[in-house]
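Student: Got a structure for you, questions after.
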Amino acid sequence: MKGISPIIAVVILIGFTLTIGVLVSSWITQLSTQQTTESETTLSECKGLMYSFSKLDVTYTTSDHILTIKVTNIGTKDIYGFSVEVANSTYIAGDVPIVQNVLETDPLRPQGSAYIKADLTNYLEMGKLEYVKVLNSVCPTYSFKVEKEIQL
């Protein structure tokens, strides 16, 4: 019984390897181009976007379990659609219901301030919060966090 010659086997192996290399190279190039485009888009969306708040701007009312945050726009871009994340030493809650927010139709203008209110009723078992983080819809990669202990 005869097989293929070693030279033909090596040629087939080299051809197969080159084909796989070309396919992987093409895939990596496409992936890096897509990520670069997404990064450039994110950078343009986030340019001029900055907001802040201090420990004094965060209050909690035990009677209705409402966390109120006074956010100040210190950037040059309108901001809206805030979301709130709170955490203690063992749990991060990023889906806190917002009961008062800044809408796209009436955004927070540069140098302006607005109050955001979050309902912490469903998070009372967290006991004591260690930080509050505010995110936004305009540039989801930008957030501002203040460490403050709040007893729920």
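The values are calculated or read from the model by the stated rules, or taken from the named source; none is laboratory data. Remember, it's a predicted structure, so these values are computed and weren't measured experimentally. Neighbour counts run over all protein chains shown; Cβ positions are idealised from the backbone, glycine included.
Student: I'm trying to understand the selection: among the residues of the range 92-114, which are in a strand (DSSP E or B) and either touching a helix residue (DSSP H, G or I) at 6+ places or on another chain (Cβ under 9 Å) or more than 12 Å from Leu67 (Cα to Cα) (or both)? Write out each step before concluding.
Tutor: Step one: filter the range 92-114 for residues in a strand (DSSP E or B), giving 92-93, 98-100, 108, 113-114.
Across the range 92-114, the qualifying residues are Ile92, Ala93, Leu108, Ser113, Ala114.
Student: Now a separate question. Restricting to the range 70-88, and then to whatever is assigned to a strand (DSSP E or B) and closer than 20 Å to Lys47 by Cα, can you tell me which residue is nearest to the chain's Cα centre (by Cα)? Working first, answer last.
Tutor: The first filter runs over the range 70-88 and keeps only residues assigned to a strand (DSSP E or B), leaving 70-73, 79, 83-87.
Still in the running and closer than 20 Å to Lys47 by Cα: 71-73, 79, 83.
Details: Val71: 18, Thr72: 19, Asn73: 18, Ile79: 15, Ser83: 10 Å.
Ranking the qualifying residues of the range 70-88, first place goes to Ser83.
Student: Does the range 116-142 hold any residues that are closer than 18 Å to Ile79 by Cα, surrounded by 14 or more Cβ atoms within 10 Å (Cβ to Cβ) and either over 16 Å from the mean Cα position of the chain (by Cα) or not hydroxyl-bearing (Ser, Thr, Tyr) (or both), and which are they?
Tutor: Let us first name the residues in the range 116-142 that are closer than 18 Å to Ile79 by Cα, namely 116-118, 133-142.
Subset that is surrounded by 14 or more Cβ atoms within 10 Å (Cβ to Cβ): 116-118, 133-139, 142.
Ile116, Lys117, Ala118, Lys133, Val134, Leu135, Asn136, Val138, Cys139, listed by residue number.
Student: Out of Leu49, Leu43, Leu67, Leu56, which single residue is of a type outside the set (Ser, Thr, Tyr), assigned to a helix (DSSP H, G or I) and at pLDDT 80 or above? Please lay out each step first, then the result.
Tutor: Numbers: Leu49 fails: assigned to a helix (DSSP H, G or I); Leu43 fails: at pLDDT 80 or above; Leu67 fails: assigned to a helix (DSSP H, G or I).
Among Leu49, Leu43, Leu67, Leu56, only Leu56 is of a type outside the set (Ser, Thr, Tyr), assigned to a helix (DSSP H, G or I) and at pLDDT 80 or above.
Student: Regarding Lys145, is this residue out of contact with any Asp or Glu (no Cβ under 9 Å at 6 or more places or on another chain) and surrounded by fewer than 17 Cβ atoms within 10 Å (Cβ to Cβ)? First the steps, then the outcome.
Tutor: Values: out of contact with any Asp or Glu (no Cβ under 9 Å at 6 or more places or on another chain): no; surrounded by fewer than 17 Cβ atoms within 10 Å (Cβ to Cβ): yes.
In short, no.
Student: Something else about it: How many residues does the range 58-82 contain that are touching a strand residue (DSSP E or B) at 6+ places or on another chain (Cβ under 6 Å), touching a residue at least 60 places away in the same chain (Cβ under 8 Å) and not hydrophobic (A, V, I, L, M, F, W, C)? Walk me through how you get there before you give the answer.
Tutor: At the first step, the residues of the range 58-82 found to be touching a strand residue (DSSP E or B) at 6+ places or on another chain (Cβ under 6 Å) are 58-60, 66-74, 79, 82.
Narrowing further to those that are touching a residue at least 60 places away in the same chain (Cβ under 8 Å): 58, 60, 67, 69, 71.
Going one step further and asking which of them are not hydrophobic (A, V, I, L, M, F, W, C), we end up with 60.
So the count comes out to 1.
Student: Right, something else. Only one of these conditions is not met by Gly81: (1) on the phi < 0 side of the Ramachandran plot; (2) surrounded by 15 or more Cβ atoms within 10 Å (Cβ to Cβ). Which number is it?
Tutor: Of the numbered conditions (1) on the phi < 0 side of the Ramachandran plot; (2) surrounded by 15 or more Cβ atoms within 10 Å (Cβ to Cβ), the odd one out for Gly81 is (1).
Student: For the range 115-145, give me each residue that is β-branched (Val, Ile, Thr) and either modelled with pLDDT of 90 or more or not assigned by TED's automatic domain parsing to the domain that holds Thr61 (or both). Lay out the reasoning, then the answer.
Tutor: From the range 115-145, those β-branched (Val, Ile, Thr) are 116, 121, 132, 134, 138, 141; that's our starting set.
The answer is Ile116, Thr121, Val132, Val134.
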